[in-house]
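Just below is one structure, and these are the notes that go with it.
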Amino acid sequence: MSTTLITERPVQLHGSPLALWTLRRLGWTLDFSGLPGPQGVMVVYPHTSNFDFPIGLLAKWAMGLQVNFWGKDSLFRVPLFGAWMKWLGGVPVNRSAPGGLVAQAADHLRRCRNENTFAWLVVAPEGTRKLTDGWRSGFYRVAHQADVPLGLATIDFGRRHIAVSQFVRLSGQQESDMAHVAHLLGDPKGYHPANASPVRIT
């Protein structure tokens, strides 16, 4: 079994014209034509700067995409900011206990599929803005265990282009899956290009 590229986009969303206009005024373009299903996991790459968040937030609103995302638990303890993060869909993560988090996230996505409710989890797979040896494995295990599509989103500061246009179904063969993911992602430039971690699970 090999990684499967998903080409159908049956889930169409309606985003904010104001958010799209704002992105364009800032010089950004957006490539998004819908989702392959109502549940899934999406990685956003590369994550090299705090500037990724406001640009990604504008793109989220422009697409009309309701998502949950993982964030450092310390951020959610900041007065007002933590409440705002939760309102945006943030889920606090204790990095010292990834196994339990993966199981909970996979169970949540399976339950949403059984109930036919919308649920997409967005993850920065590096887990940090600093250069590392590769990606954390949480996103992969959640998508594979829940048997949901994996979306590949890029924020390219070099071209000022955001793409949410590639979706795959993982085979469970991690090395070959990640080679396919790396090929599809290409070489988007982060705000700090030297901090972009290689596309591999370590």
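The values are calculated or read from the model by the stated rules, or taken from the named source; none is laboratory data. The shown structure was predicted, so the numbers you read here are calculated from the model rather than taken from an experiment. With ideal geometry, Cβ positions are generated from the backbone for all residues, glycine too; neighbour counts draw on all protein chains shown.
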So, Gln39, is that one polar (S, T, N, Q) and over 16 Å from the mean Cα position of the chain (by Cα) or not? no
Where Thr202 falls short, out of the listed (1) modelled with pLDDT under 95; (2) buried (at least 20 other Cβ atoms within 10 Å of the Cβ); (3) farther than 20 Å from Gly40 by Cβ: (2)
Applying the selection to the range 97-119, what residues are more than 23 Å from Arg200 (Cβ to Cβ) and at pLDDT below 80? Ala97, Gly100
Candidate set: the range 120-165, residues that are part of a strand (DSSP E or B) and small (Gly, Ala, Ser); chosen: the one modelled with the lowest pLDDT: Ser165
For the range 146-155, check the following and say yes or no: at least one residue is surrounded by 14 or more Cβ atoms within 10 Å (Cβ to Cβ), within 15 Å of Val44 (Cβ to Cβ) and small (Gly, Ala, Ser). yes
If we only count strands (runs of 3 or more DSSP E) wholly inside the range 26-119, which ones have 3 or more residues that are surrounded by 17 or more Cβ atoms within 10 Å (Cβ to Cβ) and not basic (Lys, Arg)? 39-45, 68-72, 90-93
Only one of (1) polar (S, T, N, Q); (2) over 27 Å from Ser137 (Cα atoms); (3) in contact with a Cys (Cβ under 9 Å, 6 or more places away or on another chain) fails for Gln39. Which number is that? (2)
Is one or more of the residues making up the range 38-46 over 28 Å from Leu131 (Cα atoms) and in contact with a strand residue (DSSP E or B) (Cβ under 7 Å, 6 or more places away or on another chain)? yes
All but one of (1) in contact with a strand residue (DSSP E or B) (Cβ under 9 Å, 6 or more places away or on another chain); (2) at pLDDT 95 or above hold for Thr22; state the number of the condition that does not hold. (1)
Looking at this structure, is Leu23 assigned to a helix (DSSP H, G or I) and either more than 20 Å from Arg113 (Cα to Cα) or touching a Phe, Trp or Tyr at 6+ places or on another chain (Cβ under 8 Å) (or both)? yes
Which one of the conditions (1) out of contact with any His (no Cβ under 9 Å at 6 or more places or on another chain); (2) surrounded by 14 or more Cβ atoms within 10 Å (Cβ to Cβ); (3) more than 21 Å from Arg9 (Cβ to Cβ) does Thr128 fail to meet, given that it meets all the rest? (1)
